[in-house]
Amino acid sequence: MNPFSFEARTLTRRAFLGRAALGGAALMSAPAWAHGIDFPFPGGFGEREMTTSFPQKGSMILQRTRPPLLETPWETFDRGVFTTNDQFYVRWHWAGIPDNVDVNTFRLKVHGNVDHEMSLALPDLIRTLPRVELAAVNQCSGNSRGFFSPRVPGAQWANGAMGNAMWAGFRLKDLLDSAGVKAGSTQVRFSGLEEPVIEGGPHFKKSLTIDHARDGEVMVAYAMNGEALPFLNGFPLRLIVPGWYATYWMKMLADIEVLNVPDDNFWTKKAYLIPDTPRANIIPGETGVKMVPINRMVPRSFVTNLSSGASIKASAPNEVRGIAFGGDCGVAKVDMSVDGGANWQATELGPDEGKYGFRRWSAKIAPPNAGSRVSVAVRCTNTNGDAQPDIPNWNPSGFMRNVIETVDLVAA
Ligand SMILES: Nc1nc2c(c(=O)[nH]1)N[C@H]1C(S)=C(S)[C@@H](COP(=O)(O)O)O[C@H]1N2
Ligand SMILES: [Mo]
């Protein structure tokens, strides 16, 4: 998991092979650095601090305190395809988050290029708009950024800046229809209750095109896994944009503005841009690439019951299982390879809880004898026919990692 210890391991192995080839004399005279160096980097994945200090949250990996950035511990993903609210990851841009939200005075404003501007209380929204439910993965654009090589700045997430929940709420379309969107509308802009902490800092706002906002899938959630949203996950209302990266999933949603001009606010126009290339992939250092707003998610799959270094039984079937998601559509299949990607076999898929959610997969492996090493690679192909690539993508923001993941196991 720790890229530093991984590099150190690789170095050690390489140094070892080098010495073995050169023979004993070389071994004796090898300089100290050739033996591999274990850098005691603080904050590496292996030694990230755990915290239980945040309201409504259980044990979480602490990335940052203010604003809170909390990562879901990996074991959580093995417990089921729904990520529990108390361990659902947390990410905020500004620390000016309110201490409480008064449900009696809270209003959701709908304004701008509409026939009727509205300011709606929670009970009215819940009572008047038809309730819908949807399972969907909320994944930070920068999930897994810590694995980028060359490394890139930003929160050094491992794979836990994602989660799947059953969201309940109402369709954004129904709300917009009741406000009456006027002709000539271009985008719908969303903002939450928190405030920037630096003078003149841009309030966090994100926009969707008018057609996307009215596609009937984008929703405003007031419940998550059957409960009110945890405060840090956006109580009392948040936007759910199925299949799209979480940056659009506005928390503590309080303001919806229908625009008739392109949104030129900082967060939509300047932040969260990706290279307009397949998988947002560029060569490190490449310049002059056209940039576009980040958008649809891509397929991913993970082993959840075993981590690299774990030992499994020799000459006996061992269960390997994990989760997969299709990105902007469902999971068609999850294949597994134990020979470095030469051959792939289908794994068994668990129940389909909704195309935008996590899907369980499982398979059996039986290593031939004690001491044998098995690298298990898993590859999700989504229902659009898009499969995870075997080479990691790279971009300077550390967005959209979806390379095939591998765990290295040893039979004992
Ligand atoms: N109001 C508000 N909503 C927000 C953000 C924010 O900073 N403020 N961050 C976005 C980003 S970048 C992410 S990754 C998700 C994180 O959602 P979570 O904290 O519920 O996991 O919220 C999104 N919605
Ligand atoms: Mo994010």
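Values in this text are rule-based calculations from the coordinates and carry no lab data. On a predicted model such as this, the values are computed, not experimentally measured, just so you know. Cβ sites come from the backbone with ideal geometry, for glycine too, and all protein chains shown count toward neighbours.
Is the C-alpha gyration tensor of the range 320-412 telling us rounded, prolate or oblate? Criteria: a/c under 1.5 is rounded; beyond that, a/b larger than b/c is prolate, otherwise oblate. It is oblate, given that a/c is not under 1.5 and a/b is not larger than b/c.
Determine the shape class of the chain: with a ≥ b ≥ c the square roots of the Cα gyration tensor eigenvalues, call it rounded for a/c under 1.5, and otherwise prolate if a/b is greater than b/c, oblate otherwise. Prolate, because a/c is 1.5 or more and a/b exceeds b/c. Apply 1/(1 + (r/R0)^6) to the Cβ-Cβ distance of Glu75 and Arg151, taking R0 = 22 Å, and write down the FRET efficiency to the nearest 0.05. It comes to 0.30. The length gained on full extension between Lys364 and Arg66, counted as 0.36 nm times the residue separation minus their Cα-Cα distance, comes to 103.0 nm. Label zone (Asn384, point 7 Å along Cα-to-C-beta; backbone nitrogen cut-off 19 Å) within the range 230-257: 240-249. Here the translational diffusion coefficient of the range 60-135 follows from Stokes-Einstein with Rh set to the Kirkwood radius across Cα pairs; for 10 °C and 1.306 mPa s it amounts to 99 µm²/s. Simple spin-label estimate for Asp124 and Lys290 gives 4.4 nm between the two label positions (7 Å along the Cα-to-Cβ direction from each Cα).
With each label modelled as a point 7 angstrom along the Cα→C-beta vector, the Asp264-Asp99 pair spans 3.9 nm. Only one residue of Cys329, Pro150, Met297 has its Cα farthest out toward the positive end of the dipole of the chain, where Lys and Arg carry +1 and Asp and Glu -1 on Cβ, and that residue is Pro150. Partners of Lys205 within straight-line reach, counting lysines whose Cα lies under 21 Å from its Cα and excluding those fewer than 8 residues away in the same chain: Lys109, Lys173, Lys251, Lys269, Lys270. For the chain, take the longest principal axis of its alpha carbons; what is the angle in degrees between that and the long axis of helix 3-22, to the nearest 10 within 0 to 90? That helix lies at roughly 20 degrees to the long axis. Distance cut-off 26 Å, Cα to Cα: go down the list Lys57/Lys364; Lys182/Lys290; Lys333/Lys364 and report the pairs above it. Beyond 26 Å: Lys57/Lys364; Lys182/Lys290.
Does the range 313-353 come out rounded, prolate or oblate by the C-alpha gyration tensor, with a ≥ b ≥ c the root eigenvalues, rounded set by a/c under 1.5 and, if not, prolate when a/b is larger than b/c and oblate if not? Oblate, since a/c reaches 1.5 and b/c is not below a/b. Put a dot 7 Å past the Cα of Ser178, heading toward its Cβ, do the same for Asn281, and the two dots end up 4.6 nm apart.
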